[in-house]
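The values are calculated or read from the model by the stated rules, or taken from the named source; none is laboratory data. None of these values were measured; they are calculated from a predicted model. Cβ sites come from the backbone with ideal geometry, for glycine too, and all protein chains shown count toward neighbours.
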Amino acid sequence: MDSNKIKRGLGRGLSSLIGETKIESQKNRLGVSDLVPNKHQPRKTFDENSLNELTNSIKERGILQPIIVRRSNDKQTKFEIIAGERRWLAAQKAGLHDVPVVITEADDLRSLEFAIVENVQRHDLNPLEEAQGYKKLIEEFSYDQEKVSKFIGKSRSYISNALRLLSLPDEVIKLIENQKLSPGHAKILVGLENANFIANKIIEKKLSVRQSENFVKIFKNRKQKSSNTKDANIMHLEMSIVNKIGLNVEIKNKKNNKGKITFEYKDLDQLNKIIDIVKRNY
């Protein structure tokens, strides 16, 4: 296969990597059963709807972009997929017996680089999978954040923030992996001592990302206040109201048990929510 044609058919990042990797040109098709998944693949989940769409496309037009593979170290007669695992899965669903391939002589590092570049460029990785890919480059292949930044084409702060997701408790990470929490929710929880508690509250109350941001802000404000400045029962009541309606509330109770309740709203939608609650109950 003409290597120039290969380069034109791939994304700029993959093309650059292929240009630095020796290609075996004597084969250009392999049986689907001859391929095995990439053990360094950072992507753990494949959206079923998206996979079905690709399957239908392959049935109509075939595979337009070859799958990049290398000879498997574990199974001598097999070829390990470096980039294109989703195409391989869809090809099987489409009933194809063989697929177009580019066979390279890539080592483990280059295999991981291929997989990360392909997925990041196509936005196929969720933030957690992306962070795990960067972590693998750092821990197993002696990259530092600066080198990862230059390789991926992202700022160092972007890489740093991505890696911070992995500091979340294992229980929260499992909630993200099981799609009970979105990546947007995950970013809110980074750095919180009580991330487990808040994560479960978000799920229990079915809070949106915006509502979750507000809840975390309220929770932090409550925690910063000394228990000596406000009665514990009043603080508990405030948190109960916050959990119920998802808006900040402050109760000021005087010694004669008179006082006031203040609701905080950021837009007309939140104000209307407060008004609706009052109307429904009075």
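Which of the following residues is modelled with pLDDT of 90 or more and buried (at least 20 other Cβ atoms within 10 Å of the Cβ): 163, 137, 189, 207?
Details: 163 fails: buried (at least 20 other Cβ atoms within 10 Å of the Cβ); 137 fails: modelled with pLDDT of 90 or more; 207 fails: modelled with pLDDT of 90 or more.
From the options 163, 137, 189, 207, the qualifying one is 189.
Output yes when any residue across region 173-180 is touching a residue at least 24 places away in the same chain (Cβ under 8 Å), outside any loop (DSSP other than H, G, I, E, B), among the acidic types (Asp, Glu) and surrounded by 14 or more Cβ atoms within 10 Å (Cβ to Cβ), and no when none is.
Within region 173-180, one or more residues are touching a residue at least 24 places away in the same chain (Cβ under 8 Å), outside any loop (DSSP other than H, G, I, E, B), among the acidic types (Asp, Glu) and surrounded by 14 or more Cβ atoms within 10 Å (Cβ to Cβ).
Taking residue 128 as meeting all but one of (1) crowded, with 16+ Cβ neighbours inside 10 Å; (2) over 15 Å from the mean Cα position of the chain (by Cα); (3) of a type outside the set (S, T, N, Q), write down the number of the exception.
(2)
Could you check how many residues of region 88-98 are out of contact with any Leu (no Cβ under 7 Å at 6 or more places or on another chain) and either within 16 Å of residue 28 (Cβ to Cβ) or in a strand (DSSP E or B) (or both)?
Total meeting the criteria: 3.
Scan region 121-156 for residues that are within 23 Å of residue 173 (Cα to Cα), of a type in the set (A, V, I, L, M) and without any contact (Cβ under 8 Å) to a residue 60 or more places away in the chain and jot them down.
128, 131, 137, 138, 148 - these are the residues of region 121-156 that are within 23 Å of residue 173 (Cα to Cα), of a type in the set (A, V, I, L, M) and without any contact (Cβ under 8 Å) to a residue 60 or more places away in the chain.
Rundown of residues vs (1) modelled with pLDDT under 85; (2) within 20 Å of residue 130 (Cβ to Cβ); (3) not assigned by TED's automatic domain parsing to the domain that holds residue 47, yes/no style:
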{"site": "175", "(1), (2), (3)": "no, yes, yes"}
{"site": "179", "(1), (2), (3)": "yes, yes, yes"}
{"site": "183", "(1), (2), (3)": "yes, yes, yes"}
{"site": "195", "(1), (2), (3)": "no, yes, yes"}
{"site": "200", "(1), (2), (3)": "no, no, yes"}
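Mind listing just one residue for me: the one in region 233-282 that is among the polar types (S, T, N, Q) and under 14 Å from residue 218 (Cβ atoms) and, of those, surrounded by the fewest Cβ atoms within 10 Å (Cβ to Cβ)? Before you say what the answer is, go through the steps one by one.
Filtering region 233-282 for residues among the polar types (S, T, N, Q) gives 233, 240, 243, 248, 253, 256-257, 262, 270, 272, 281.
Cutting the leftovers down to under 14 Å from residue 218 (Cβ atoms) gives us 240, 243, 248, 262, 270.
Details: 240: 11, 243: 15, 248: 20, 262: 9, 270: 18.
Looking at the filtered set, the residue picked out is 262.
Does region 229-244 include one or more residues that are of a type in the set (D, E, K, R), closer than 30 Å to residue 47 by Cα and over 20 Å from the mean Cα position of the chain (by Cα)?
Of region 229-244, the ones of a type in the set (D, E, K, R) are 230-231, 238, 244.
Of the ones still in play, those that are also closer than 30 Å to residue 47 by Cα are none.
No - not one qualifying residue is present in region 229-244.
Looking at residue 230, is it modelled with pLDDT of 80 or more and assigned to a loop (DSSP other than H, G, I, E, B)?
no
Does residue 43 fit the bill of being over 16 Å from residue 33 (Cα atoms), surrounded by 15 or more Cβ atoms within 10 Å (Cβ to Cβ) and under 27 Å from the mean Cα position of the chain (by Cα)?
Details: over 16 Å from residue 33 (Cα atoms): yes; surrounded by 15 or more Cβ atoms within 10 Å (Cβ to Cβ): yes; under 27 Å from the mean Cα position of the chain (by Cα): yes.
Yes: the conditions hold for residue 43.
Is it fair to say residue 119 is within 14 Å of residue 42 (Cβ to Cβ) and either within 16 Å of the chain's Cα centre (by Cα) or not in a helix (DSSP H, G or I) (or both)?
Values: within 14 Å of residue 42 (Cβ to Cβ): yes; either within 16 Å of the chain's Cα centre (by Cα) or not in a helix (DSSP H, G or I) (or both): yes.
Here the answer is yes, as residue 119 does meet what is asked.
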